[in-house]
Amino acid sequence: MVDVTGHLGMALLFAAPAWMVWGRRGALGFTAFALATAMLPDTDLALRHMFPVTHHGVTHTVLFVVLMSVLAGTVAARYLTDWFNANRRIRSSEITSETVFIFATAGLTVGGISHLFADILSAPDIAPPLSPFWPLYSEPVIVDAIYYGSPFWNVGLLTAGVGLHLLLARNERYPLETRYRIGASEDSQYRASDDD
């Protein structure tokens, strides 16, 4: 497990493909969802004071991350769809609750999975190894390539994540045309202004 800085950096790296799907505004929102769950599996650190859970236990599984992401994505679709459609900065009035569900659930899942991946790379230096594929595969998955307290890895991951997002923000050819678009395509906005 890396520290918080490393987990946030890993979430940024995992969220970077959002630039190709949702463009600038969408990628920023998607990244915010990913960052919101970058520390989700570590809820076991608080829960262990109330429940019989261990660190790197059930909250450090793909099952837990996906279930929590689907639950939060459902809430987001219910309560954010109208807000997205009314927000002038998004430049769209046709966002469906299905799109918001996919957008939020994917962002939240990416953040949680990035945490698991970072922990696989660094456990078990100061914490027990994790079994991310439980209950399908209960054996620990260990790579142990990163040391928890290494400033090189923690700051390096954050720097790489921020740098990648800044680089992608400069590219104007995004996003791809998909059915889960949020907001008008920036390319189509440029074409519309050229037609005027």
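No lab work stands behind these numbers, since they all come straight from the coordinates. All figures in this text were calculated on a predicted structure; none of them were measured in a lab. Here Cβ is always computed from backbone atoms with ideal geometry, including for glycine, and neighbour counts include all displayed protein chains.
Equivalent ellipsoid semi-axes for the range 1-150, as square roots of 5 times the alpha carbon gyration tensor eigenvalues: give them largest first, rounded to whole Å. Write down the numbers at each step before the final one.
Details: eigenvalues 187, 56, 29 Å².
In descending order the semi-axes read 31, 17, 12 Å.
Going from the residue with the fewest nearby Cβ atoms within 10 Å to the one with the most, SER138, SER69 rank SER138, SER69. Label-to-label distance, LEU63 versus TYR148, with points set 7 angstrom from Cα along the beta-carbon direction: 2.6 nm.
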